[in-house]
1. Would you mind working out the accessible area per residue for the protein assembly as shown, using a 1.4 Å probe, and quoting it in Å²?
2. So how exposed is A:Arg226, as accessible area in Å² (1.4 Å probe, rounded to 10)?
3. Measuring from the lowest to the highest alpha carbon on each principal axis, how far does segment A:100-237 reach, largest first, in angstroms?
4. Based on DSSP H runs of at least 4 residues, each adding -39500 (n - 2.57), what is the mean residue ellipticity at 222 nm of chain B after dividing by all its residues, to the nearest 500 deg cm²/dmol?
5. Leaving out ligands, DNA and RNA, calculate the buried accessible area for the pair B and A with a 1.4 Å probe, summed over both sides, in Å² to the nearest 100.
6. For B:Thr207, A:Thr757, give the ranking by accessible area with the largest first, probe 1.4 Å.
7. Between A:His319 and residues 5 or more places away or on another chain, which pairs have amide H atoms under 5 Å apart, with H built 1.01 Å from N, and which residues are they?
8. Roughly how far apart, in whole Å, are the Cα centres of segment A:704-759 and segment A:631-645?
Amino acid sequence: MNEPTHKPVYWRSLQDLERADEFVQQHQHEFPDGTFDPDASPSSTPSSLNRRDFLGVMGASVALASGAALQGCVRKEQQHVLPYADRPELLIPGVPSYFRTAFHVGGFVQGLHVESQDLRPTKVEGNPDHPINNPPPPADQRDPRRQRHRVGASSVWAQSSILDLYDLDRSQKPSSNNADAPWAGVSEALQTLTAAAASGAPVSIILGACPSPTIERLLSLIASNRPNVHLFSHDLASNEAEAAALTALVSPHHKLLYNLEKAASILALDADFLGSEGDMVRNARLFADGRRDPERGSMNRLYFAGPALNVTSAMADEHLRIPSSQAGLFLAAVAKALPSVPAHISAAIQHLPAPSLPLGKEAWPQEVAADLRANNGKTLILVGHRQPAWVHALGLMLNQALGAFGSSAHLIDHSANNAPILKPLRDLTADQAKNILIIGQNPAHTAPGFATILKSASLSIHLSGYRDETSALCTWHIPRSHFLESWCDWRATDGTVSIQQPLIAPFFNTLSDVELLAAIATPSPQATLAISDVAARDYGFSTVRATWGVDEDRWRSALFKGFFLMGDAASLRQGAVTPKPFAKTDTSPNWQWNQAAPLFAAFQAPGEVSSDALEVSFALSPALCDGRFANNAWLQELPDPISKLTWDNAAYLSPTTAKALNVNSRPRGRDHVGDLVTLSANGQSCDIAVMVIPGMADNVVLVHLGYGRDPQHAGKVAKPTDASGTHGGTDVLPLRDPQNPWFSTGAKVSPKGSVYTLATTQDHWHLDTGFKRPIIQEYRIDEPNLFNPQSEEDKQHAELSTLKNEAYQSLLFGKSLVVDDKQSTFRDRTHNGKRTGAIVQQWGMVIDLNTCTGCNVCVIACQAENNIPVVGKDRVLNGREMHWMRIDRYYRGATPENPDTIVVQPMACAHCEMAPCETVCPVAATVHSPEGTNDMVYNRCIGTRYCSNNCPYKVRRYNFFNYQKENEEANRLAKMQKNPDVTIRFRGVMEKCTYCIQRVMQAKIEFKRAGQGYVPDGGVIMACAQACPSNAITFGDVEDTTSGASEQGKGSLVRALKSLFRNYAVLAELNNHPRTTYLARLRNRNPVLTPKPKDDHPAAH
Amino acid sequence: MAAIFPRWTNLIPLIIGVAAPIGLIVVVTGIWYWFSPQFTDVGYQPKQPIPFSHQLHAGSLGIDCRYCHNTVEQAGHAAVPPSATCWGCHGDSNNGALAIALNPTTSAPLPSLKPLFESYTTKNPIQWVKVHMLPDYAYFNHSAHISANVGCASCHGRIDQMEVVHQAQNLSMGWCLDCHRDPEPHIRPSSVPPTRMDWDPSVSRMTAAEVDEVKRKLDKLNPPEHCSGCHR
């Protein structure tokens, strides 16, 4: 109904930017053409349905239905109640209990707070007391209102780990040379290995990153005084290059901890510190703290230099698109531009050539250097995991020279733990590899060249959750327990030691890391017996407990909290003579700058990149990591934060590069197709589909690891086959160069002449941008009077924010309905008919676009909380994905080659006060509650989909098939994960975000039981808000003016946020009065790098 | 021209005109009555694996409901007690005192309590038959109602008089809403515990203080009448 009169300022895809007629037509419909087409899913419906068949099927259905209905009316089927014979102490059926445990990816530990419903784990949250998951806010941000909403966050991988627990594809039996074998054989193999180690034969133990006091203790027992026992580490998610730099410059026991809230100027050098790298949860929270209250003063500035395509680059205020191979040289150029750098830095970098920067970006090194120097002591340079060790060394030097240490960065000294030093796996030689023990990880797949060494081993034992590529090459495979099934302990970067506490006994007969290592470290007849007899296997607990010499009270308090604090004395540990903390901040590190020379000597001038010799850049998938989560259907269907691609990986190219290579990706009907190309690098090649992504560096092809694994090894979700063919992406791991595994130049892309269908959601659920007001509001922080409207234009903008656009109201309703917000009957807390003393709370939400990174944790948290099914690639192609919450990614800028900024916007049901969906439902299945929520009554819904058609935000999801049943048939264990407080939706029913009404009702009941008639602010936290690392989502009572004790923090946080000038409603001109509003995105642009346009004022975006 | 239809067929429109409305009324009334939960559900009295008598335990012996259904104040479910709760009284105790469930002369288990013995020794649950069956999409919470001091008898009837438990109320949504719209007749003053079975506000006279207390409570009670109050 709204003809777009101009090209959009914000756009999602190249087609969106072009606004061809075909695109506009297609997106005027709620669902893309063909969504209702039964042929769209031949796997589920007959593809050729003629009239005779149809009538036959219908007749039978009617007969069956009436029979069933009559029976149903008369009497329900007899049901049984099965109480415990002897109910465990403290267990109350129907009331969840919570346990603290811990989890890590790549050695980056998170404390977890896991919900257990009737003794089955159902939902993972971050431990709210853990300094990684909920670091304390900066001193000037101790607003009591904010404190009420500060909860433990978690990562995508932590949230989805619960589904892995219920994975039937996990390995359930030991195997020897790929044939099922008895546990007795495992005992023998382990005895052989133990004997070999004792006799001095070479034994190599390969682990992932494992900062665990118990595992370190066991490794020391195994390796001490045995020069032929070699310990290796291999983990693509760990920061090996930084460890190498720290080992050379300080000690192997030092780690880097960031306090990003203290940094005013941040340079991220090819670093995804807000996404898949490092202590992502802690870093995102503290980074957000540095830009949470721009109204009250300063806001940090983030520079990003790299090939882009991750959430950190989208968050950046200024971004420089350069290949990964140029990032180190760019940092050297910044160092050269810094005035008065110490001599050791100039000496180290003098031989480095200048970087080749994109045209028009030559001022970057000078400007970044000037900004860093100006903020001396309040800066931070973060170097990405993928960069080589010399770049990390240079980053450490610059951070030290700029005074970051002690303020925004800390060196944490872990040497008190006496942890054995693990060498990198590439140091493993063939003669050390006679006997190999591999704990977790999948090095035959992820470490180049390791498979050949492994094949030469006479005894190789692999403990692994799946019978993966490494298991297939080993003489023995032992099934491994999930972390929710086993005991361990983990030491986080800051030295906090968390206890990994199991919530459930192992589903299958499996062994944990600690149990396996204990059987080798302390061989005894009991341990041997326990290996073969699962009932006797109780020494996992005793082994972990034995690490800790604390009394029972302190042990139990640590279990209750989930961790021993960094400051807890090491006398806690068994055998410690003097109390020492696990780790301490090294305030005066003994820098060995002269040791940097060998690192810099490894520098090789990168090859010039062009369309004939591309840089191929490998990145961990934000969903599947390096492939270790490949069998997790939630993660497979999770749209990539930037490309919005599901179920596949692709070769991401910038529009310019794609044009030069004469390849393309484009929508075709309801599909999105990319040209299939052969990508060759380092003498290897693979076939992969192309996807064109604006915002990529030119002449770079970026591919995500972890896809395309053989389902025989990874599980059947990793590479499923459905109506759209076999998918799951392409395995790009073999293309890597063993010397520099993360990027290499000289790659070639040649079209194969065929196409591949990609399931991307980037053009699904398209909001009509033909409206006058923008969906995204974004301001520059140097805007005059940004927080205090003075000019006419600013005032006009402020008036528009209060939703009183009369012209639109006339258009919609034929008359002007000026609704005064202050007196809106929709927000009357006392509007409850007869009773006057009761408070009707008015729920609402604010999402701060200025701190939201688009990391997808909320999407997975919502999926886990609300029993949202997975639909599969062919249904995603039809626009049938079921996520209640989606994250829209918009580009800004007139040209696709060089978009100015990327903005992400989480979008779920906005719970409009005047909801368009409610008025069109013929059966009142979606109705408004007096508390302001837009309720969805599944049992009334007859599936007309009118509501979805009328929803301006496109947030309603329809069950075209019985997805829940399909999911259950695919994996009958997965139903144990379901939240019993949320209805399982049937086919033909509409669903959408409910504002986690089950949590609201539970909180109301709890506070009513406690004698309080209403839920105080912070008394109920939504699943998305609870998981959010940057605390960008706030939920509460918008009319609450009384919560909180002190005068300073009176009223609810959500109310305080809604009174900010940058609060705005999306599509406010429709007069829907959405309860979910957004805080505008602010950009702290560098005024030299991006001069302020003269006609750029807030209302004109 | 000869008549195609015989003369008596002229009556057919009349018969249809009279019979169809009557038939319609019979069908509608029939469905309205015989298909309603008032007819189909009230009085549902399945046979239980153990002939447990609430009349004996809650009535004659006067055991409080919460002795067995002890989760009712903390949870949505008023959980059916584990076999161990029964065993607390019925099992043979360590000091050799006579167990209630044993035949005093032969010391053999009473045949009616065999499922309890089996359950307690094998740790397998007793398969009680569910009497009050709400649909799965209705999330009823016992603890909320107990904290508002709604009596058990308001929904479950006089359990203390039931030899075998049956469903006393129809548990339809309209029936729930009747009370949510006007909870006054079912809210007890704090001096009357919810488990007291024989309390009836229309019979037992409340003191002025109690009337006042209930009024004040009602004022703040605000039972949900919207869909998401029970459907999630």
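1. On the way: 52960 Å² over 1333 residues.
Accessible area per residue: 40 Å².
2. 70
3. 63, 37, 26
4. Numbers: 9 runs with 83 residues, N = 232.
Mean residue ellipticity, 222 nm, calculated: -10000 deg cm²/dmol.
5. When B and A are taken together, about 4400 Å² of accessible area is lost.
6. Details: B:Thr207 75, A:Thr757 30 Å².
Ranked from most to least accessible, the order is B:Thr207, A:Thr757.
7. Residues meeting the amide H criterion: A:Phe304.
8. With segment A:704-759 and segment A:631-645 each reduced to a Cα centre, they are spaced 15 Å.
The values are calculated or read from the model by the stated rules, or taken from the named source; none is laboratory data. This structure is a prediction, so every number in the text was calculated from the model and none was measured. Because the Cβ atoms are built from the backbone with ideal geometry, glycine has one as well, and the counts that use them run over all protein chains shown. With ligands, DNA and RNA removed, areas are computed over all heavy atoms of the protein, side chains included. Shrake-Rupley method; radii C 1.70, N 1.55, O 1.52, S 1.80 Å.
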